[in-house]
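Colleague: Structure below; questions to follow.
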Amino acid sequence: MLRSLLALVAILLLLGFAGAGGVVYLFYTYGSDLPDYKQLADYEPPVMTRVHAGDGRLLAEYATERRVFVPVEAIPRRVIHAFLSAEDKNFYEHPGVDFPSVMRAVLINVRNMGSGRRPVGASTITQQVAKNFLLTNEVSFERKIKEAILSFRIERAITKNRILELYLNEIYLGYGSYGVAAAALNYFDKSLGDLTLAETAFLAALPKAPNNYNPQRFPDAAKARRDWVIGRMFEDGAISLEEAEAARAEPLTTISKKETEFVTADFFAEEVRREILSRYGESDLYKGGLLVRTTLDPKLQEIAKKSLRKGLHEYDRRHGWRGPIDHIEGDHDLPGRLAALNVPSGPDNLRPAVVTAVSGDRADIAFADGTSGHIPFAQMRWARPWLKGQKVGARPSAPSDVLKAGDVVYVEPALAGEDEEPYPDGAYALQQIPAANGGLIALDPHTGRVLAMLGGYDFSRSQFNRVTQAYRQPGSAFKPFVYLTALDSGYTPSTLILDAPFVIDQGPGLPKWKPANYTRQFYGPSTMRLGIEKSRNLMTVRLAQTVGMNKIATYAERFGIVDDLPESLSMSLGAGETSLIRMTAAYAMLVNGGKRITPTLIDRVQDRHGRTVFRHDTRDCPDCLAVQWNGQAVPNIPDIRESVTDPGSAYQVVSMLQGVVERGTGRRISEIGKPLAGKTGTTNDSFDTWFVGFTPDLAVGVYVGFDTPSSLGKGETGSNVAAPIFKYFMEEALRDRPAIPFRIPPEIRLVRVDSRTGLLARPGDKSVILEAFKAGTVPSGKAAVIEGQSAEGGEDAPESATGTGGLY
């Protein structure tokens with residue numbers, strides 16, 4: 001008996017040693033090259049980056065996994081109990097592997113062998129974290145061993161609560177939901193704290209197989225699994241019997257998540273995306289959970305969109321009808337065949353339609369959805385045929401001159417007829433997508449904050465941003481900086497400049513350079529103010545020659561217009577290429593008193609923990625942090641902006657640009673009736689048109705041209721292509737704002753002068769204006785005339801680029 005007992009003890013010891021040796025072997029074999037589990041202590045799951053407009057509304061979201069991270073302390077206890085009951089009731093007791101559950105699962109699976117039932121698992125939450133974060137989904141004995149080893153190590157390295165936090169924020173629960181917070185929103189449109197017991201139990205039922213328990217496809221299986229979780233919660237003492245019975249009786253009903261209200265500003269959002277990508281990298285953009293507060297003003301953005309599109313359509317209509325976008329032969333099932341063409345809709349209310357019949361006063365149309373309407377002849381009367389060179393043919397006399405059955409065209413609801421009476425429902429106006437394109441930007445001239453930006457007619461058709469990416473010649477829009485250089489060099493707005501022929505011989509084999517005014521006329525000695533108001537090229541070239549192109553190139557770089565402007569006289573007429581955002585920022589530095597600004601689309605960036613990692617306004621203001629006002633002094637924020645020009649000179653240019661609006665090439669802008677200033681720009685053969693201008697607190701730039709450079713047509717200039725868009729924008733943007741005069745620096749004196757001669761006004765003079773002079777520069781008598789120098793070749797001939805002609 002004793003011998004048998006000793007033999008049994010010996011066998012058990014041997015088995016124990018063998019088991020221990022096996023465990024050591026397994027740990028040595030599978031545990032030597034495992035991933036670093038310690039990284040989980042600092043692991044942060046991928047979280048979406050959110051971009052907000054200036055008013056706080058959502059502008060864009062960027063993510064690889066749409067997850068909302070919630071710290072474990074903020075997750076309701078009921079949610080935690082539900083998941084523990086469903087997945088790992090002994091979570092807070094086991095060391096990473098629940099051995100009793102493993103043995104129970106083994107016995108059940110042995111008993112069920114051959115029955116076709118699914119094997120029962122016994123993975124703990126810790127094991128699931130090890131698998132999801134550190135291993136693959138491979139089904140193998142080796143992976144399970146590694147999973148167990150990692151679980152033991154993880155339990156020793158980080159707390160239970162941290163493990164649970166990782167699990168609840170990482171698991172995939174279907175419907176594109178990563179983590180419990182995202183699932184609560186996607187299934188029930190609720191936050192975690194608002195979930196009912198039944199809804200909480202349903203979410204806890206999903207981790208094993210979210211697709212198998214999809215409540216839309218498999219409602220019975222989903223409810224059964226939910227009820228099973230409710231039962232487990234009751235068994236574990238997490239809920240009472242009454243709560244369990246009430247939850248089981250509750251129907252399983254999902255609620256679609258409400259569509260998040262987004263501000264639509266595609267060009268702006270894409271520019272922000274590029275900047276965040278450049279500044280922080282792809283990982284932080286799509287996984288870093290950044291919070292980006294932008295400068296966008298949604299109201300101004302909407303005005304910008306409407307203004308630019310209206311102006312482009314008006315220009316496009318002046319140059320005729322380019323024909324239908326497609327044609328369908330025959331008259332069988334035209335709406336169905338239109339749908340098969342997959343013609344994209346245009347922006348706003350533009351819809352593709354097919355012409356079904358044409359009569360004497362209308363064209364009948366049908367849409368892909370089966371609805372129908374008609375185009376009154378009055379709404380296609382503009383459609384003169386487009387001819388080469390942006391010319392147009394004869395005006396149509398009947399609908400058949402424009403359309404025929406089977407034509408596929410764009411239409412939009414017709415608002416009013418020629419008698420301004422509204423059309424009945426079903427009346428549409430013929431439209432086409434403009435061939436020309438353009439951009440508009442509005443910014444705060446004091447801070448550089450970009451308030452609105454539209455980089456083109458339609459982002460879905462072209463993502464090329466004509467505000468930031470298009471580099472074109474600005475033409476006469478550059479001239480204010482030639483005049484500013486002269487003002488800083490001692491000249492005044494009353495300085496006389498000769499307006500007469502100017503010729504430079506560029507050397508053997510090259511043609512003579514003969515810049516000309518837009519009118520092809522000469523006006524003799526004229527004031528500097530008149531030169532900019534009427535956009536006189538010959539005066540500008542003479543002034544540039546006198547002041548020196550080297551100085552003008554320095555100013556162009558100082559204001560951020562062109563980084564390295566060639567020092568040739570043609571550059572004074574705006575032959576150097578620049579972008580709309582650069583030119584508008586330069587104008588902003590005129591109206592803000594000559595202070596440097598940097599255009600920005602981003603006010604602030606915070607990381608996932610709320611720490612500010614970028615701020616555009618870098619000024620320190622400790623007194624601004626006060627929670628409330630208790631009678632203390634208003635914080636004094638220092639102005640750290642660098643001066644780029646004399647404030648007096650900057651105001652003199654502003655005053656002259658105000659004259660452009662009141663008396664010069666921008667006269668149509670004056671109809672707004674508020675203090676405005678700006679300058680037109682048109683390049684050779686009307687390839688590019690500009691208008692850049694401002695109020696005291698808002699700078700706006702507009703550019704219009706073809707993406708493949710070509711003429712906009714004879715007679716198309718900045719004053720009738722770009723300026724109307726500027727006007728439409730400013731009319732709406734300033735509608736409810738008071739008229740604020742331009743701020744005058746203390747060193748400026750306003751003196752009455754004769755606008756034609758620049759001399760002090762005398763009694764009886766009719767053309768009298770208030771001119772801005774710096775102290776000590778008020779004219780006291782006749783002044784010399786800047787005549788410049790034409791050169792017929794030789795060493796002293798001023799340098800000029802070839803092929804510029806005139807830029808107006």
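Colleague: Please compute the modelled spin-label separation between Ser256 and Thr546, points set 7 Å along Cα→Cβ, answer in nm with one decimal.
Modeller: Those two pseudo-labels are separated by 7.1 nm.
Colleague: In Å², what does the accessible area per residue of region 140-198 work out to with a 1.4 Å probe?
Modeller: 33 Å²
Colleague: What is the packing order of peptides 675-686, 596-607, 65-76, taking the mean over residues of other C-beta atoms within 10 Å and listing the highest first? Mind dumping the intermediate values first?
Modeller: Numbers: 675-686: 25.2, 596-607: 18.9, 65-76: 16.4.
Per-residue mean Cβ counts within 10 Å order the peptides as 675-686, 596-607, 65-76.
Colleague: Just to be sure I understand the model, the point goes 7 Å from the Cα along the line to the Cβ. What's the resulting Asn132 to Ser460 distance in nm?
Modeller: 3.7 nm
Colleague: Leaving out same-chain residues fewer than 8 places away, which lysines sit with a Cα under 28 Å from that of Lys727?
Modeller: Once the sequence-local lysines are set aside, what remains near Lys727 is Lys299, Lys305, Lys306, Lys310, Lys391, Lys479, Lys534, Lys595, Lys674, Lys679, Lys714.
Colleague: Starting with the highest mean, order 543-553, 385-395, 522-532 by the number of other Cβ atoms within 10 Å, averaged over the residues of each peptide. Could you put the intermediate results ahead of the total?
Modeller: Working: 543-553: 20.0, 385-395: 12.9, 522-532: 21.5.
Top to bottom by mean Cβ count within 10 Å: 522-532, 543-553, 385-395.
Colleague: For the chain, take the longest principal axis of its alpha carbons; what is the angle in degrees between that and the long axis of helix 723-733, to the nearest 10 within 0 to 90?
Modeller: It works out to around 60 degrees.
Colleague: With an 8 Å cut-off on Cα pairs and a minimum separation of 6 or more residues, tell me the relative contact order of region 590-716 in percent. Walk me through the numbers on the way to the answer.
Modeller: Values: 163 pairs, mean separation 23.4, N = 127.
The value is 18 percent.
Colleague: In whole percent, and with a 1.4 Å probe on the protein chains, what portion of the accessible area of region 434-547 is carbon and sulfur?
Modeller: Working: 1860 of 3410 Å².
The nonpolar share, carbon plus sulfur, comes to 55 percent.
Colleague: Tell me the mean residue ellipticity at 222 nm calculated for the chain from its helices only (DSSP H runs of n ≥ 4, each -39500 (n - 2.57), averaged over every residue, nearest 500).
Modeller: That comes out to -10500 deg cm²/dmol.
Colleague: Can I ask one more? Based on the Cβ-Cβ distance from Thr371 to Arg395, what FRET efficiency comes out when R0 is 41 Å, to the nearest 0.05?
Modeller: My answer for the efficiency is 0.85.
Colleague: Quick check for you: with a 1.4 Å probe and neighbouring chains kept, what is the accessible area per residue of region 518-598, in Å²?
Modeller: Details: 2560 Å² over 81 residues.
Normalised by residue count, the accessible surface of region 518-598 is 32 Å².
Colleague: A further question follows. In what sequence, highest mean first, do 165-178, 331-344 appear when ranked by Cβ atoms within 10 angstrom?
Modeller: Listed from highest to lowest mean packing, they are 165-178, 331-344.
Colleague: Place a point 7 Å from Cα of Leu415 in the direction of its Cβ. Which residues in region 428-454 have their backbone N less than 13 Å from it?
Modeller: Hits in region 428-454 for Leu415 at 13 Å: 429.
Colleague: Let me ask you something else. Leaving ligands, DNA and RNA out of it, report the carbon-plus-sulfur percent of the accessible area of region 609-665 at a 1.4 Å probe. Display every interim value, and only then the final one.
Modeller: Numbers: 1890 of 3590 Å².
Result for region 609-665: 53 percent of the exposed heavy-atom area is carbon or sulfur.
Colleague: Where a Cα-Cα gap under 18 Å defines reach, which lysines qualify for Lys208, not counting those fewer than 8 residues away within the same chain?
Modeller: The reachable lysines, counting only those whose Cα sits under 18 Å from Lys208, are Lys89, Lys131, Lys144, Lys223.
Colleague: Might you tell me the accessible area per residue for region 613-703, computed with a 1.4 Å probe and given in Å²? Can you show the working numbers first?
Modeller: Details: 4160 Å² over 91 residues.
Accessible area per residue: 46 Å².
Colleague: May I ask which residue of His81, Phe367, Ser711 lies farthest towards the positive end of the charge dipole of the chain, with charges of +1 (Lys, Arg) and -1 (Asp, Glu) on Cβ and the Cα centre as origin?
Modeller: With unit charges placed on the Cβ atoms, the residue in question is Ser711.
The values are calculated or read from the model by the stated rules, or taken from the named source; none is laboratory data. Since the model is a prediction, treat every value here as computed from it, not as a measurement. Counting neighbours? That spans all protein chains shown, and the Cβs are built from the backbone with ideal geometry, glycine included. Protein only, heavy atoms only, side chains kept; ligands, DNA and RNA dropped before computing areas. Shrake-Rupley method; radii C 1.70, N 1.55, O 1.52, S 1.80 Å.
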